[in-house]
Amino acid sequence: MVAAFLLLTKLVSAQVPELIKKEEFRKDAQAAVDSLYNFNPAGADKRLASWKDHYPRHPLWQLMEGMEFWWILLSDLNDTSRDEYFFKMMARADYAASELLYNQPGHADGLIIKTVANGYIARQHSNRDEWVTSLNAARKAYKSYGYLQDASFNLADLKLAKGLKLYYSEYLPKAYPVVKSVSWFLPEGDKKAGLQFLEEAAETAVFARGEAAYFLGNINYNYEKNYDEAAGYFQSLYNNYPNNNYYARLLVKNYYKMGRYDDAMTVVEDALERWKTKELPFQKVVEESMNFWKGRILYRDRDYERALPLFKKSHAISRSLPAAKQRDYYIAAAYYAGQCHKLLGDDKRAIAYYKKVLNAKAGDEYKKLSRGFIEKLRK
């Protein structure tokens with residue numbers, strides 16, 4: 001009898017608690033995620049330290065490690081060398097969550113980990129335009145989300161999954177023929193309802209506030225062509241996470257697209273100064289993009305003499321970064337440097353930069369334009 005009681009006590013003590021159901025943990029987790037988004041992993045570790053000490057074997061910490069690495073990955077998407085490592089990190093988190101669910105079926109944390117981990121996997125595959133693979137990962141995420149929904153667990157993060165499901169289930173089959181061929185396994189879509197769920201997640205989610213706001217900006221920018229709405233979300237992300245290079249670059253591009261050149265220039269100058277003085281990660285990536293957009297603004301004002309060195313600097317930085325000849329700024333900056341030289345009357349240097357465009361591994365439209373200018377200048 002005593003032995004049975006001791007065994008039962010041991011089994012109970014081995015149970016992994018559902019941290020997400022604890023209000024205190026939800027506050028700490030939300031603050032930790034904010035720190036990760038603002039490139040402050042030390043702040044995230046500090047906020048979760050007591051929880052890790054009490055529950056060192058909880059699989060949630062593996063997910064957090066993957067979320068930290070996500071920002072390294074996203075800071076330079078031209079560098080594909082990190083993809084497999086990221087996928088393995090998230091797969092390990094997913095596996096650990098599966099083990100937890102095997103021992104404790106219906107465990108809320110386990111289901112959330114599987115949802116979030118597979119959601120990140122899906123998003124990275126979508127970044128590579130691998131839509132079918134992305135959809136398969138998204139289905140795994142949504143399956144876990146469904147179990148949480150069945151358990152009537154009220155967590156705002158779940159609205160991110162529902163919002164994305166509703167929006168993309170309507171959008172993807174129309175936009176991508178390859179997806180249309182397998183659209184039979186997609187649920188019925190509703191873009192308007194999907195956006196509403198994303199807005200609610202952006203307000204109150206624990207793990208997914210930033211992701212929901214990003215998707216709202218991205219959807220409005222790329223698909224709905226609602227640039228004012230998109231700028232609002234990107235500006236909010238930049239304000240909340242000022243050390244996040246990805247959000248800074250998104251905001252500048254959005255402002256330029258809208259014709260809000262003064263606003264774009266303000267963010268450019270602010271970002272260049274912040275990354276220099278604070279020595280933030282991925283300074284070269286920031287300088288590559290910000291010098292290009294500053295050059296574009298001056299080029300538009302026909303100030304070619306001031307724009308030229310900015311394009312040259314952006315191009316030179318691109319050459320020092322991974323996958324140089326596939327980088328958007330390597331190609332675009334070379335093209336506009338050639339344009340500046342041509343407009344300033346230096347045909348020889350203009351041709352030299354147009355040739356750099358032709359030697360790139362992407363940028364077909366820029367190549368076509370550069371080839372035409374070379375032919376004209378040589379006549």
Checklist entry - Going by the conditions given, is R319 within 29 Å of the chain's Cα centre (by Cα) and in contact (Cβ under 8 Å) with a residue 24 or more places away in the chain? => result no
Checklist outcome for this item: Across (1) buried (at least 17 other Cβ atoms within 10 Å of the Cβ); (2) of a type in the set (D, E, K, R); (3) modelled with pLDDT under 95, K225 clears everything bar (1)
Checklist outcome for this item: Taking region 159-186 and the residues there that are in a loop (DSSP other than H, G, I, E, B) and more than 25 Å from the chain's Cα centre (by Cα), the one that is modelled with the highest pLDDT would be V182
Item to check | region 328-379, residues that are of a type in the set (S, T, N, Q) and surrounded by fewer than 23 Cβ atoms within 10 Å (Cβ to Cβ) | outcome: Q339, N359
Checklist entry - How many residues are more than 26 Å from the chain's Cα centre (by Cα), basic (K, R) and closer than 13 Å to F25 by Cα if we restrict to region 43-61? => result 1
Checklist entry - Any idea which of (1) aliphatic (A, V, I, L, M); (2) closer than 22 Å to Y241 by Cβ; (3) exposed (fewer than 15 other Cβ atoms within 10 Å of the Cβ) is the one V267 doesn't satisfy? => result (3)
Checklist entry - Which residues, counting only those in region 257-294, are among the basic types (K, R) and in a helix (DSSP H, G or I)? => result K257, R274, K276, K278, K284, K294
Next on the checklist: I'd like to verify a number: residues in region 97-118 that are surrounded by 14 or more Cβ atoms within 10 Å (Cβ to Cβ), more than 22 Å from D79 (Cβ to Cβ) and touching a residue at least 24 places away in the same chain (Cβ under 8 Å), how many?
Outcome noted: 14
Checklist entry - Does region 342-349 contain at least one residue that is touching a residue at least 24 places away in the same chain (Cβ under 8 Å) and under 26 Å from K284 (Cβ atoms)? => result no
Item to check | region 118-158, subset outside any helix (DSSP H, G or I) and acidic (D, E), residue nearest to the chain's Cα centre (by Cα) | outcome: D129
Item to check | Yes/no for Y336 being more than 31 Å from the chain's Cα centre (by Cα), in a helix (DSSP H, G or I) and within 22 Å of D303 (Cα to Cα) | outcome: no
Item to check | Residues of region 35-52 satisfying the condition of being surrounded by fewer than 20 Cβ atoms within 10 Å (Cβ to Cβ) and not in a helix (DSSP H, G or I) | outcome: N38, N40
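The values are calculated or read from the model by the stated rules, or taken from the named source; none is laboratory data. None of the values given here were measured: they were computed from a predicted structure. Counting neighbours? That spans all protein chains shown, and the Cβs are built from the backbone with ideal geometry, glycine included.
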